[in-house]
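The values are calculated or read from the model by the stated rules, or taken from the named source; none is laboratory data. Please read these numbers as outputs of a predicted model, since none were measured by experiment. So basically every Cβ, Gly included, is an ideal-geometry build from the backbone, and we count neighbours across all protein chains shown.
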Amino acid sequence: MFHKINALIERIYYCATDENMWPEVLKEFARIMDVASTAIVPLEPETESLPLSSLNKDEHDAVFNDYFHIESPYYKLSPYNRFYEDKTNLIGDFSDVDFLSDHEIAHDVYYQEFLKKYEWGRTSAFIHKDPVLVNAKITVQRYYGKRNETPQEREIRKIISRHICRSLAFSIGNRKYHLMRDGFSGLCHNMTCAAALLGNDATVVMMNEKCKALIGEAFAYKDGKLSFTNRENKQQMSSLIDYVLSIDSNMQIDKTVSVNCTANKKIIVKIIRLPKIDTKGSALNRQSALLLLACKPGEVAFDVSQALLNCNLTRSEARFAGYVGTGTPPKTAAELTGISEQYARTKLKEIFRKLNVNSQSQLATYVGTLSVIGSTQKTQGPPMCDG
């Protein structure tokens, strides 16, 4: 018996990496416990897609019977629900043998009209609520008319249920990790600056090639975390992350610092705490992810002309704005674009109006914010547009 239980527990943890194994594992669970069926009932919408039944037919209308949450014609009649309807934050093991006698079951509509048609009888449920990953209920339906489970069987069922919940936590954690990593991969690899996605414990989830190229020069990478190589800035990374995480807000929070590299060059680093996904969802969603961006000022020029065109500027206005926005004096920009100085002043006013800015410094800031969505140029200097 114990050999079978140990083998089952081993297979349960294999399910964390291969969710297709769950149906067979749950069937084996049912066979060992000599029960009609076992099911894992997710308590959160985001986990309801998991394969959770020991039965062969997914359409079996009692497979996912959730004794605390679903609405059905028998919901109000269920003694299970009546017993727990005023209870909140239910955690642990619950068996109807604790509050329903055999005599009561023999005269109960829920058991005699609903469960009996499936040859099902007494019910047990192990409710698990993980503060980070998974909230689920492991339910077991005994055969109709069979004896109640013994104390030893109940203890074995609870042990196996705990292992199932731990495996589910690993499974959901891996899925969320890969979803975040793969979803961010395309975005960060196409960014024009160094970028890395960090968990709220500052562990690196993903970084692009530009960020990897800065390791040794600007960053040190050890134990899955980034720090600054410069001794003066050694503790600044953790302080920066702690500051961004400490702000009590669901909005996007960021902080920018200038850091010295090993080659006496400065690097601009911004840490952004991404907005929390859902404050009412799982604890995992309520945790913050961090986006680290880094660039060397003035090292790469960006062509923002297409972005400026999308801001309702004409091609000539976009070209002129590109020069002025990257620090070129309006008089020089006029000469480079082949227009008079007087016409340049008129054009600049029109650009200010369209972009809702009031000065050249504001225009420079505006163009600077567009640089992350522009494309890098092979040569230094402002963007060159036709027209």
Here is a list of conditions, (1) at pLDDT 55 or above; (2) closer than 30 Å to Asn135 by Cα; (3) in a loop (DSSP other than H, G, I, E, B), and Ile277 meets all of them except one; can you say which number that is? (1)
Considering the stretch 15-30, residues that are surrounded by 18 or more Cβ atoms within 10 Å (Cβ to Cβ) and in a loop (DSSP other than H, G, I, E, B), and then whichever is modelled with the highest pLDDT, we arrive at Cys15
Can you pull out the residues in the stretch 289-322 that are modelled with pLDDT of 85 or more and assigned to a helix (DSSP H, G or I)? Arg315, Ser316, Glu317, Ala318, Arg319, Phe320, Ala321
Give the residues of the stretch 99-117 that are exposed (fewer than 13 other Cβ atoms within 10 Å of the Cβ) and farther than 20 Å from Glu149 by Cα, sorted by residue number. His107, Val109, Glu113, Lys117
Confirm whether Tyr143 is in the same structural domain as Leu8 (by TED's automatic domain parsing) and at pLDDT below 85. no
Can you find even one residue in the stretch 108-115 that is within 27 Å of Ala169 (Cβ to Cβ), touching a Phe, Trp or Tyr at 6+ places or on another chain (Cβ under 6 Å) and outside the structural domain of Asp201 (by TED's automatic domain parsing)? no
Kindly indicate whether any position in the stretch 31-52 is in a helix (DSSP H, G or I), at pLDDT 85 or above, assigned by TED's automatic domain parsing to the domain that holds Trp120 and of a type in the set (Gly, Ala, Ser). no
